[in-house]
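One structure is given here, and the rest of the page talks about it.
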Amino acid sequence: MIHARLTGSGSYLPEKVLTNHDLEAMVDTSHEWIMARTGIAERRIAAENEFTCDLAERASREALTAAGIGPADIDLVVVATTTADQVFPSTACLLQERLGISGSPAFDVQAVCAGFIFAMDIANRFIRTGGARRALVVGAETFSRIIDWTDRGTCILFGDGGGAVVLEADETPGILSTHLHSDGRYKDLLCVPTGVSRNYEAVQSGSAFTTMAGSEVFRWAVTAMSDLVAETLAANDMTKDDVDWLIPHQANVRIINAVGRRAGFPSDKVIVTVDHHGNTSAASVPLALDESIRAGKIRTGDTVLMEGFGGGFTWGSVLLKL
Ligand code: COA
């Protein structure tokens, strides 16, 4: 039986740091309020001439180096993003060209903050069915471009970044299971209400911004990600004690802590990196994973439960043995 095994990870954060004190000068807020409600101290903002594919490329090159392979070894590229460089071609195709790969499939996945989990599920299926042997799976976003920087209800939360992993076909797992969900009935609670086909003028005038019903999204995120832990453990006939690390979507420290508490995980088994990069949407989980691997916290042999939650709503998990 073929399994998909993670053999390398990488990440990249843009240089520019935007602190809560910087935000105090932009909107009516305070460092203390943001820390108390979100636990986010700072986030990164892409330079004017820096785009999602640039972040994806940096993260991908690191992941390839960590895996000890070159771009030519990759036969599938999946990029999760909501903030593509262009309407088309996909960011995955742009990334493929940057890396000097050609011929094998490359495409984007749009599931907002759950995008990386959806992309992992797809790459896992390709590998398990023999459709690919070495996949590059990326989550990258310049979310700052779809944020209204005069809206204190949203601008304090988000940031830019990229994360990537290499998955390779192997006889031992690997990805143990994936679980995906969506419910479009909640489309209005977290969205950018304009796009290419609808009200394109807003896109052209640079006012296609994220809107959010904060407290409802908060409650939903906690419930969905807590339920996902139970669903994932049950599907694998495991208990929480069989899992070494929980990586919930890095949206807000209060959401992460609530999910950890409800799922019965001690806080030292729950990964938190959102404090220093904010919510980077599809990049949040691979960023948190890569940072924890590089810090020597998450190690080979560990079992890791990763979760995403985003607009749609979309939500999902990946259980992985490193
Ligand atoms: N600074 C200061 N005050 C702020 C503020 C800010 N940045 N943003 C909102 N407020 C105010 C509100 O105007 C409100 O004032 P009022 O009581 O006078 O009307 C008050 O703070 C409370 O607002 P509320 O929205 O109830 O706060 P909250 O505790 O729900 O926190 C969020 C707001 C956005 C931090 C929180 O709801 C949240 O994190 N939600 C989830 C968001 C998320 O993670 N989205 C992405 C998921 S992928």
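Laboratory data are not the source of any read-out in this text; all were calculated from the coordinates shown. These numbers were taken from a predicted model, which means no experiment stands behind them. Cβ: placed from backbone, ideal geometry, glycine included. Neighbour counts: every protein chain shown.
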How high is the relative contact order of the chain, in percent, with contacts defined as C-alpha pairs under 8 Å that are six or more residues apart? 26 percent
Report the charge-dipole magnitude of the chain in Debye, nearest 20, computed about the Cα centre from +1 at each Lys and Arg Cβ and -1 at each Asp and Glu Cβ. 460 debye
Over the chain: helical MRE at 222 nm, DSSP H runs n ≥ 4 each giving -39500 (n - 2.57), nearest 500: -10000 deg cm²/dmol
For the range 243-292 and the range 17-52, write down the distance between their C-alpha centroids in whole Å. 19 Å
State the answer as a single residue: which of CYS191, LEU287, ILE298 lies farthest towards the positive end of the charge dipole of the range 180-303, with beta carbon charges of +1 for Lys and Arg and -1 for Asp and Glu, about the Cα centre. CYS191
With a bin width of 10 angstrom, please list the P(r) values of the range 164-220 as percents of all Cα-Cα pairs, from the 0 bin to the one holding the largest distance. 17, 28, 23, 22, 9, 0
Please report the spacing between the Cα centers of the range 131-157 and the range 63-130 in Å, no decimals. 15 Å
Please give the length that would be gained between GLU171 and ASP244 if that part of the chain were fully extended, namely 0.36 nm times their separation in residues minus their C-alpha to C-alpha distance (nm, one decimal). 24.1 nm
When the Karplus curve 6.51 cos²θ - 1.76 cosθ + 1.60 is applied with θ = phi - 60°, which whole-Hz ³J(HN,Hα) does each residue of the range 300-310 get, with x for Gly and Pro? 3, x, 6, 9, 10, 10, 10, 9, x, 8, x
Set the Förster distance to 22 Å, then compute FRET efficiency between ASP275 and GLU50 from the Cβ-Cβ distance, nearest 0.05. 0.45
Is the shape of the range 3-172 rounded, prolate or oblate, going by the alpha carbon gyration tensor and its root eigenvalues a ≥ b ≥ c, with a/c under 1.5 for rounded and a/b larger than b/c for prolate? prolate
Give me the one-decimal nm value for the distance between modelled label points at ASP237 and ALA25, 7 Å along each residue's Cα-to-Cβ direction. 6.0 nm
Taking +1 at the Cβ of each Lys and Arg and -1 at the Cβ of each Asp and Glu, which of TYR200, THR142, ALA221 sits farthest along the dipole of the chain towards its positive end, judged by Cα position relative to the Cα centre? ALA221
Once all Cα-Cα distances of the chain are split into 10 Å bins that start at 0, what whole-number percent is in each one? 6, 29, 37, 22, 5, 0
Highest-MSF residue in the chain out of PHE218, PHE118, PHE309 [GNM, Cα springs under 10 Å]: PHE218
Any idea what the relative contact order of the range 18-73 is, in percent, if you count C-alpha pairs under 8 Å spaced at least 6 apart? 25 percent
Calculate the dipole size of the range 232-322 relative to its Cα centre from +1 charges on Lys and Arg beta carbons and -1 charges on Asp and Glu beta carbons; express the result in debye to the nearest 20. 160 debye
